[in-house]
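> For reference, the structure I am asking about is given below.
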Ligand code: RP5
């Protein structure tokens, strides 16, 4: 099946932080591909990948990078597809460096930046689902069900807490 979402990471060392994105896209049955491409170490390959993504059927690009995280911006510079950035935490600045590099894009080339790290991977995937759901009623229904289930779990947890606090 043609991939609809591409997950690009600046280094294989980013992979553990991206588990939530893989899991989330799989849970919504969204075909995706994942690549290691670096804005600095493989700049030509990263640019070529972004330039051909649209014609290959990709609809959303998720880019994860740490340190001087230029990957999402470079990818965004070469495509009009929506680009979602995940800042990856690394020493010594714990992701603040990547966050600022990603979120401070100059006007004209947007990168939608999500929560840093593993939680961001899940949110990036959910944002990709939301974008795809705009033109896919089945996916839209699944996303609404996901939200309803999430709400139900919190309500259950709260009910359990109240019971615990009330004592025997
Ligand atoms: C970034 O530099 C990568 O996205 C990674 O988060 C960071 C460190 O890369 P490695 O030295 O682990 O390959 O480009």
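The values are calculated or read from the model by the stated rules, or taken from the named source; none is laboratory data. Here the structure is a predicted model, which is why all the values come from computation and not from measurement. Note that each Cβ is placed from the backbone with ideal geometry, even for glycine, and that neighbours are counted across all protein chains shown.
> Among 28, 32, which is surrounded by 15 or more Cβ atoms within 10 Å (Cβ to Cβ), under 13 Å from the mean Cα position of the chain (by Cα), away from the ligand (no atom under 15 Å from the Cβ) and closer than 15 Å to residue 126 by Cβ?
32
> Looking at 48, 14, can you tell me which residue is without any contact (Cβ under 8 Å) to a residue 40 or more places away in the chain, over 18 Å from residue 135 (Cβ atoms) and not in a loop (DSSP other than H, G, I, E, B)?
Within the list 48, 14, the selection yields 48.
> Sticking with this structure for a sec: Take the conditions more than 14 Å from the chain's Cα centre (by Cα), surrounded by 18 or more Cβ atoms within 10 Å (Cβ to Cβ) and either away from the ligand (no atom under 12 Å from the Cβ) or outside the structural domain of residue 13 (by TED's automatic domain parsing) (or both) and apply them to residue 98. Does it pass?
Answer is no for this residue.
> Right, next: Among the residues of segment 58-105, how many are under 24 Å from residue 4 (Cβ atoms) and assigned to a strand (DSSP E or B)?
Within segment 58-105, residues that are under 24 Å from residue 4 (Cβ atoms) and assigned to a strand (DSSP E or B) number 12.
> Sticking with this one: Go through segment 35-68 and count every residue that is farther than 15 Å from residue 83 by Cβ, within 15 Å of the ligand (Cβ to nearest atom) and surrounded by fewer than 20 Cβ atoms within 10 Å (Cβ to Cβ).
Summing the residues that are farther than 15 Å from residue 83 by Cβ, within 15 Å of the ligand (Cβ to nearest atom) and surrounded by fewer than 20 Cβ atoms within 10 Å (Cβ to Cβ) in segment 35-68 gives 9.
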